[in-house]
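What follows is one structure encoded as structure tokens, with my remarks underneath.
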Amino acid sequence: MRRADRLFQIIRLLQQRRTATTAAHIADKLGVSERTVYRDIRDLVGTGTPIDGEAGVGYRIRPGYDLPPLMFSRDELQALVLGVRIVRQVGDPGLAQAADAILEKVSAVLPRNLKPLLADTKMFAVVGGAHNTGRDAFSLARQALIDRRRLSVSYADASGAESRRTLRPLGVFFWGKTWTLAAWCELRNDFRNFRLDRVSSAQTIGKPFRDEPGKTLRDMLAKYGPDAVRMLD
């Protein structure tokens, strides 16, 4: 890891925690020695970064501190461009527009020698047309996840039989051609996965819901094993 990247990661780790963060914790996360962490924090403080604390006790960063404009490595830029191209293919129009806006903002702060990478990255996402059906349902599901609202949907199973379901949306997953909605189904009183291209109509209903033990996405993924749960970490 480049030193500049390591300094950025130290600031990010300090901002993520409300309690004091020890040098040992930072060293473990970054794969470096505690001595290196002490030196890096001393240098950050020397450049004006508002970090309080001391060796052996822990460090905090004062609330309200904003990082300076980010710099990216070549690999990070290529990952960003590829991610934007994938979102254009598989997301709804709102996400596609947001992805383009991210590239515009990144381009505005990049040094001149790195700007060509935004256009010259030769990695592309080519997805078949099957995912297009269900984009309206995907857009509504995405908003319901943000607002924590139940969805009332008309859903057709593999045989074409339709049913009306009330769902607590937990997450959406892309499987190469189709999106599925992971949800708590109030009809079945259990977790279910719903292909969004089989949703003929949907609307949000009721007030925002709160997580309940046994009905969360983590609970659902735990049924598939620890590898599934790691997606949340």
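The values are calculated or read from the model by the stated rules, or taken from the named source; none is laboratory data. Predicted, not measured: the structure shown is a model, and the values here were computed from it. When we count neighbours, we look across all protein chains shown, and the Cβ atoms used for this are built from the backbone with ideal geometry, even at glycine. The area values use the complete protein model at the heavy-atom level, side chains included, leaving out ligands, DNA and RNA. Shrake-Rupley method; radii C 1.70, N 1.55, O 1.52, S 1.80 Å.
The table that follows gives values for the structure above.
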read-out: Dimensions (Å) - segment 1-142, Cα atoms, principal axes, largest first; value: 57, 38, 27
read-out: Distance histogram for segment 73-158 (every C-alpha pair counted, 10 angstrom bins, percent rounded to whole numbers); value: 15, 37, 27, 15, 5, 0
read-out: Whole-Hz couplings from phi, Karplus 6.51/-1.76/1.60, listed for segment 186-193; x for Gly and Pro; value: 6, 6, 8, 6, 6, 6, 8, 10
read-out: GNM flexibility winner over the chain from Thr22, Thr178, Thr166 (Cα, springs under 10 Å); value: Thr22
read-out: Label-zone membership for segment 148-185, site Thr216, 7 angstrom Cα→C-beta point, backbone N under 15 Å; value: 170-171, 184
read-out: At R0 = 45 Å, FRET efficiency that the Cβ-Cβ distance of Arg12 and Ser152 yields, to 0.05; value: 0.70
read-out: Per-pair calculated FRET efficiency, R0 = 25 Å: Lys177 and Leu82 via Cβ, rounded to 0.05; value: 0.85
read-out: Gyration tensor (Cα) of segment 1-80, equivalent ellipsoid semi-axes in angstrom; value: 21, 15, 12
read-out: Gaussian network model of the chain, springs between alpha carbon atoms under 10 Å - residue of Gly171, Gly64, Gly91 with greatest fluctuation; value: Gly64
read-out: Förster radius 25 Å - calculated FRET efficiency between Ala161 and Asp227, Cβ distance, rounded to 0.05; value: 0.15
read-out: Under Karplus coefficients 6.51, -1.76 and 1.60, residue-wise ³J(HN,Hα) of segment 103-119 in Hz, glycine/proline x; value: 4, 5, 5, 5, 4, 5, 10, 6, x, 4, 6, 9, 4, x, 4, 5, 9
read-out: In sequence order, calculated HN-Hα J values of segment 198-204 (Karplus, 6.51, -1.76, 1.60; Hz; x Gly/Pro); value: 9, 8, 8, 7, 7, 7, 7
read-out: Percent carbon-and-sulfur accessible area, the chain, ignoring ligands, DNA and RNA, probe 1.4 Å; value: 52
read-out: Principal axis dimensions, largest first and in whole angstrom, of segment 113-233 by Cα; value: 55, 33, 28
